[in-house]
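Colleague: Below is one structure. I have some questions about it.
The values are calculated or read from the model by the stated rules, or taken from the named source; none is laboratory data. Since this is a predicted model, take the numbers as computed values, not measurements. Remember, those area values only see protein heavy atoms, side chains included, never the ligands or the DNA or RNA. Shrake-Rupley method; radii C 1.70, N 1.55, O 1.52, S 1.80 Å.
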Amino acid sequence: MTSIITASRDHCQLLSDIAKLSFIESHGNSAKAEDINNYITNYYSINAFEEELNESNNIYRIIYYNGLVAGYSKIVFNTPYTSSTIKNITKMERLYLLKEFYDLKLGFELLQFNIDLSKRNSQLGMWLYTWKENHRAVNFYKKNGFQIIGSHDFKISETHSNPNHQMFLQF
């Protein structure tokens, strides 16, 4: 059984823990260990989540499977990408599952939940960045209707960036 809840400030420790682990599981070999560790320390700390959850436009969800935390997502409404002429587009900033929950269709369930929420909030599409070398994620988004529309260098550290696809799904 799955359930999806809205994350609050009470979930900052949990979000920090699952964000760090899921990022390492999916991107841990994309840069030097020192760069990855510095990145997750800076961007996935409890304080970082407290700051992000203070911003009402950041919408976090946590997905549970049989009572266990399986992953999380973050979306932001009305965040068009640079060349978009449409203003009411959702940016999917994060969608991560813990590795032990892969192949249970939970990523699809969490994505669909966010798409449905976006549609109910008058959004006309969703866009995101995904690491080009994460073939599992790229194929997942393509399978769910996203198209590659550009590229972006995702900065991990001052000396390392990962090449990302920019992907878009029009509703």
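Colleague: Given [x] 14.3; [y] 15.3; [z] 9.6, which label gives mean projected area of the Cα convex hull in nm² as computed from the coordinates?
Modeller: [z]
Colleague: With a 1.4 Å probe and every protein chain left in place, work out the accessible area per residue of the chain in Å², rounded to a whole number.
Modeller: With the other protein chains kept in place, the chain gives 53 Å² per residue.
Colleague: Give me the percent of the accessible area of the chain that comes from carbon and sulfur atoms, probe 1.4 Å, all protein chains in place.
Modeller: On the chain, the fraction of accessible area on carbon and sulfur atoms equals 47 percent.
Colleague: Provide VAL138, VAL69 ordered by accessible surface of protein heavy atoms (probe 1.4 Å), highest first. Walk me through the numbers before you get to the answer.
Modeller: Values: VAL138 10, VAL69 30 Å².
Result, largest first: VAL69, VAL138.
Colleague: With respect to the cross-link table entries LYS99/LYS119; LYS99/LYS132; LYS32/LYS142; LYS74/LYS119, which display a Cα-Cα separation exceeding 25 Å?
Modeller: As for pairs spanning more than 25 Å Cα to Cα, those are LYS99/LYS119; LYS32/LYS142.
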